[in-house]
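First comes the structure, then the notes that go with it.
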């Protein structure tokens, strides 16, 4: 199941919730994000069994950056009563290499998740049908 980029995101009903466990699962949900000409930052909110509640656009940025703040990300998680979240954004350039800012923001989000007791499971970067998981690369300590 793929989504189309929308400012408000997509919500899933219990009968059609995809299960999101891997970075490939994330790519399958947000695949259309990889064709955007600008950076888009999303949060996927999950239930306690990794069922997808929603895929919400947090920011739609410029050519090579997007601004995401902790409040915006966790506001969606709290509203959706999420047990966990996965961050996702695209790199329109096609280069999946995480920027220092990508790593800094992910560390900040992970710390906030520990305080709020909402697990940050991963931060996935997508581009042109490919993906990179910050968890799988060991670049950030996740809860």
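Worth pointing out:
- Positions within segment 1-23 being at pLDDT 75 or above and outside any loop (DSSP other than H, G, I, E, B), in sequence order: 19, 23
- Residue in segment 49-56 that is within 18 Å of residue 28 (Cα to Cα), without any contact (Cβ under 8 Å) to a residue 40 or more places away in the chain and not in a loop (DSSP other than H, G, I, E, B) present: yes
- Test result for residue 63, at pLDDT below 90 and part of a loop (DSSP other than H, G, I, E, B): yes
- Candidates 26, 30: the one that is at pLDDT 90 or above, within 22 Å of residue 97 (Cβ to Cβ), within 12 Å of the chain's Cα centre (by Cα) and surrounded by 15 or more Cβ atoms within 10 Å (Cβ to Cβ) is 26.
- Restricted to segment 33-48, and to residues there that are in a loop (DSSP other than H, G, I, E, B) and modelled with pLDDT under 90, the residue that is nearest to residue 88 (Cα to Cα) is 39.
- Of all residues in segment 33-47 being surrounded by 19 or more Cβ atoms within 10 Å (Cβ to Cβ) and more than 10 Å from the chain's Cα centre (by Cα), the one that is farthest from residue 131 (Cα to Cα): 46
The values are calculated or read from the model by the stated rules, or taken from the named source; none is laboratory data. Predicted, not measured: the structure shown is a model, and the values here were computed from it. Backbone-built Cβ (ideal geometry, glycine too); neighbour counts: all protein chains shown.
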